[in-house]
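The values are calculated or read from the model by the stated rules, or taken from the named source; none is laboratory data. Note that the coordinates shown come from a computational prediction; the quantities given were computed from them, not determined experimentally. Methodologically, a virtual Cβ is constructed for each residue, glycine included, from the backbone with ideal geometry; neighbour enumeration extends over all protein chains shown. Ligands, DNA and RNA are excluded from the accessible area calculation, which covers all protein heavy atoms including side chains. Shrake-Rupley method; radii C 1.70, N 1.55, O 1.52, S 1.80 Å.
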Amino acid sequence: MSNIHEMGFIKEKIDELKQAGLYKEVVTLDGPNEAECSINGKMAINLSSNNYLGFSNHPRLKKAAIEAIEKYGAGAGAVRPIIGNMKIHDELEALLAVFKKEEAVLVFQSGFNCNAGTIQAVTEAGDLILSDELNHASIIDGARLSKAKKATYKHSDMADLERVLKETRSEYNNVLIITDGVFSMDGDIAKLPEIVELAEKYNCMTYVDDAHSSGVLGHSGRGTVDHFDLHGRVDFTIGTLSKAIGVVGGYVAGKKVTIDWLKNRGRPFLFSTGMTPSAVGSIIEAIKMLMESEEYTDKLWDNARYFKEKMSVLGFNTGESETPITPIIIGEEAKAIEFSKKLFEAGVFVSPIVFPTVPKGTGRVRCMVTAGHTKEQLDRAVDAFTKVGKEMNII
Ligand code: PMP
């Protein structure tokens with residue numbers, strides 16, 4: 001019998017991944033996450049980051065982090081229900097509630113934790129969690145932690161959503177309909193107005209994960225609820241603080257009673273130490289910057305339109321994206337991985353996205369254009385895509 005501590009069973013699984021061409025090595029950035037950065041010693045235009053607004057290395061965010069460390073120290077000390085909130089946590093949650101136009105907000109240590117903590121706390125046995133089939137992994141895992149039944153509806157297919165509701169609504173106490181606000185691998189926007197109408201018709205709760213819409217959609221990046229003017233009609237709005245906001249963390253915005261409940265039953269809030277003062281300080285600054293001006297969101301959209309237009313004129317398949325997320329769909333997994341490698345050699349860092357993150361046969365590279373890119377950088381990226389795309393007979 002082999003020695004279990006040599007981890008032979010894990011090595012076998014890794015070999016399987018390698019044989020299927022699905023094993024991923026993680027690259028190392030030599031410095032900050034910028035529009036153009038050094039990766040393993042080589043400069044490349046960065047189209048892999050969710051740093052939509054270029055905030056993650058912004059001088060105002062860095063200054064705010066340093067000030068917060070000087071005032072509050074490096075760490076939060078313990079889980080918040082035990083050690084208490086720092087004033088800076090309260091300040092952030094109050095600011096986010098104003099920004100999101102909701103009664104109250106609770107901040108978690110990540111967007112993932114936010115879904116893991118919220119879904120299971122607001123559902124129980126006898127309920128149904130009804131999820132778009134393309135929802136993010138953290139929603140799927142969050143739902144798994146709940147004792148409620150789970151079901152999916154076809155991606156953004158309102159007829160299918162209504163079919164499930166019609167057939168099963170009467171079997172359950174509460175039904176929670178969950179959708180990504182913007183779908184992270186395709187960049188399409190959820191049909192939130194229709195979802196809300198169906199939810200109202202069938203007396204269900206609604207939950208939208210605005211990870212890729214916070215700082216991107218709506219007035220000053222207030223998210224999909226603002227984009228569709230649905231204030232007051234969505235029960236739970238989730239956001240990340242790690243993407244456009246540039247730092248780390250997640251939050252849920254909703255009714256005060258929901259937030260009071262999550263402070264008592266949201267497990268990552270109860271059992272994992274609160275956000276560091278430096279992160280919170282930077283986030284407060286980022287939200288203030290968004291509230292001051294639309295300069296950053298305007299620049300993001302201008303760059304995204306510019307890049308997308310050029311890529312589709314070249315003949316690349318950019319899918320159904322309606323947002324700065326620009327997938328270049330290749331199909332075969334190995335070809336998508338090869339495309340990404342060749343692009344890196346040509347000076348563009350854009351990660352391949354393959355099964356199981358996207359369905360089999362829809363391998364792609366996902367270009368994340370940001371407000372931090374200059375037109376000159378985007379032009380150079382387009383040139384590299386043209387060269388490699390032609391070499392590989394993609395265009
Ligand atoms: N929800 C969605 C839709 C996401 O795309 C992500 C990030 N990939 C998350 C949640 C998790 O957010 P975070 O990285 O802040 O944990």
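Below is a table of values for the structure above.
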| quantity | calculated |
| --- | --- |
| Residues of the range 262-276 classified as touching a Gly at 6+ places or on another chain (Cβ under 9 Å), part of a helix (DSSP H, G or I) and under 13 Å from Gly84 (Cα atoms), total | 2 |
| Scope the range 110-148; condition within 16 Å of Asn173 (Cβ to Cβ), touching a Lys or Arg at 6+ places or on another chain (Cβ under 6 Å) and in contact (Cβ under 8 Å) with a residue 60 or more places away in the chain; matching residues | Ala121 |
| Sole residue being in a loop (DSSP other than H, G, I, E, B), more than 16 Å from the ligand (Cβ to nearest atom) and open to solvent by 80 Å² or more (accessible area, probe 1.4 Å), chosen from Glu70, Glu25 | Glu25 |
| Subset of the range 235-260 that is more than 9 Å from the ligand (Cβ to nearest atom), of a type in the set (D, E, K, R) and part of a loop (DSSP other than H, G, I, E, B) - its residue that is nearest to Val280 (Cα to Cα) | Lys255 |
| Scope the range 180-212; condition within 15 Å of the ligand (Cβ to nearest atom) and over 13 Å from Ile139 (Cα atoms); matching residues | Val182, Met185, Asp186, Gly187, Asp188, Ile189, Ala190, Leu192, His212 |
| Residue match in the range 378-391 (condition: open to solvent by 10 Å² or more (accessible area, probe 1.4 Å) and at positive phi) | no |
| Residue check, Ala151 open to solvent by 10 Å² or more (accessible area, probe 1.4 Å), of a type outside the set (Lys, Arg), under 30 Å from Ser49 (Cβ atoms) and out of contact with any Pro (no Cβ under 9 Å at 6 or more places or on another chain) | no |
| Matching option when the condition is open to solvent by 60 Å² or more (accessible area, probe 1.4 Å) and either over 17 Å from Ile245 (Cβ atoms) or among the β-branched types (Val, Ile, Thr) (or both), among Glu91, Glu16 | Glu16 |
| Residue within the range 39-61 that is within 18 Å of Met275 (Cβ to Cβ) and part of a helix (DSSP H, G or I) present | yes |
| Filtered residues of the range 28-40 (kept if open to solvent by 60 Å² or more (accessible area, probe 1.4 Å) and either touching a His at 6+ places or on another chain (Cβ under 6 Å) or modelled with pLDDT under 90 (or both)) | Asn40 |
| Scope the range 124-133; condition touching a Ser or Thr at 6+ places or on another chain (Cβ under 8 Å) and open to solvent by 10 Å² or more (accessible area, probe 1.4 Å); matching residues | Glu124, Ser131, Glu133 |
| Within the range 88-97, considering residues that are away from the ligand (no atom under 16 Å from the Cβ) and touching a residue at least 12 places away in the same chain (Cβ under 8 Å), the one nearest to Ile66 (Cα to Cα) | Ile88 |
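Every residue, every condition in (1) under 18 Å from Ile129 (Cβ atoms); (2) buried (at least 18 other Cβ atoms within 10 Å of the Cβ); (3) touching a residue at least 12 places away in the same chain (Cβ under 8 Å), yes or no:
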site: Thr168; (1), (2), (3): yes, no, yes
site: Glu194; (1), (2), (3): no, no, yes
site: Asn203; (1), (2), (3): yes, no, yes
site: His231; (1), (2), (3): no, no, yes
site: Gly246; (1), (2), (3): no, yes, yes
site: Gly281; (1), (2), (3): no, yes, yes
